[in-house]
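The next block holds one structure in the form of structure tokens; read it before the comments.
The values are calculated or read from the model by the stated rules, or taken from the named source; none is laboratory data. Everything numeric here is computed off the predicted structure, so don't read it as measured data. Glycine gets a Cβ as well: all are built from the backbone with ideal geometry, and neighbour counts include every protein chain shown.
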Amino acid sequence: MTKGTPPMMTHDIRRIHLIGICGAGMASLAAMLQDTGYDITGSDEGVYPPMSDQPARLGIELVEVNAPDPTGDAGVSGAQQFITEDVPRQIATYGKDTAFFSTNCAMQEPLIRTIWENGAIYPQQCCPSPYHGYPAGLNIDVSGHEGDVQYMLDQIAIKLKEKGQEGRMSTWGVPINMLMIDAGVRYAIKFAEGQVTDPGDVEAFKTALNEAAAGRNVGNITVSNYNEDGVNLPNFLMLLAPYYDFSK
């Protein structure tokens, strides 16, 4: 396994389609995914230099589409309707073995539902969590089980197996926000008690992070510093948890 490459789902992903590929974050993600060997395509609209030139420099096919801005006149509902209509078109063009990813939180619900219905691949959300998009996207009732992560994972598995999607859709086994808060509190306690003396002790933070992960049975967390154009940013940490395997 290459550094930074997560434990993958049971399906061997080759193509990833990024929605909004010309955003600064998405373009960087495209470059990193391409460097690890994935076949990357993307869609966006109203793009302009320098970000509009980035896909071509990377040799990535850019499909410019008329995607409504969720903060614009069409609002969130208009952007969600676009996802519902456009994902089947992209699947028809590139095939069901295409993985879709979007960094807009409001897009996750229609993206999950449309991929589930049409049989494509959904590696994870922009903010990985069993609660992010899956309950509404798959019509899962959480009443009486609020905060029960394993219940949610079990219900997602049931829904995915209905469509044979248990090896093609995933998330993390813990909400990323819960994980970060848990790890942050553990790290703060260690610092307050004098077990950690340097507030910037990255190794101590990694230890606290993996303690939090172990407490939630999600496996080891991969932590790396963000590197942009060869410049290492030591206070910018990227976290990667194992993908949850719904086929088990």
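General observations
- Checking each residue in region 66-91 for being closer than 15 Å to G42 by Cα and without any contact (Cβ under 8 Å) to a residue 12 or more places away in the chain picks out only R89.
- Subset of region 76-132 [aliphatic (A, V, I, L, M) and assigned to a helix (DSSP H, G or I)]: V76, A79, I83, V87, I91, A92, A106, M107, L111, I112, I115
- Meets criteria (at pLDDT 95 or above, surrounded by 12 or more Cβ atoms within 10 Å (Cβ to Cβ) and touching an Asp or Glu at 6+ places or on another chain (Cβ under 9 Å)) for L160: yes
- Total residues in region 69-93, condition modelled with pLDDT under 85 and under 22 Å from L29 (Cβ atoms): 3
- Scanning region 140-199 for residues that are closer than 18 Å to N220 by Cβ, among the aromatic types (F, W, Y) and more than 24 Å from the chain's Cα centre (by Cα) yields a single hit, Y187.
- The set of residues in region 183-202 that are exposed (fewer than 12 other Cβ atoms within 10 Å of the Cβ) and of a type in the set (S, T, Y) contains only T197.
- Reported count of residues in region 231-248, each being of a type in the set (S, T, Y) and either exposed (fewer than 13 other Cβ atoms within 10 Å of the Cβ) or not in a strand (DSSP E or B) (or both), is 2.
- Flag for F205 being farther than 30 Å from G167 by Cβ, surrounded by 14 or more Cβ atoms within 10 Å (Cβ to Cβ) and at pLDDT below 95: yes
- Checked against the criterion of being crowded, with 21+ Cβ neighbours inside 10 Å and under 22 Å from F246 (Cβ atoms), the candidates Q108, Q150, Q155 yield just one match: Q108.
- Among the conditions (1) surrounded by 15 or more Cβ atoms within 10 Å (Cβ to Cβ); (2) under 17 Å from Q155 (Cα atoms); (3) of a type outside the set (D, E), Q80 misses just one, which is (2).
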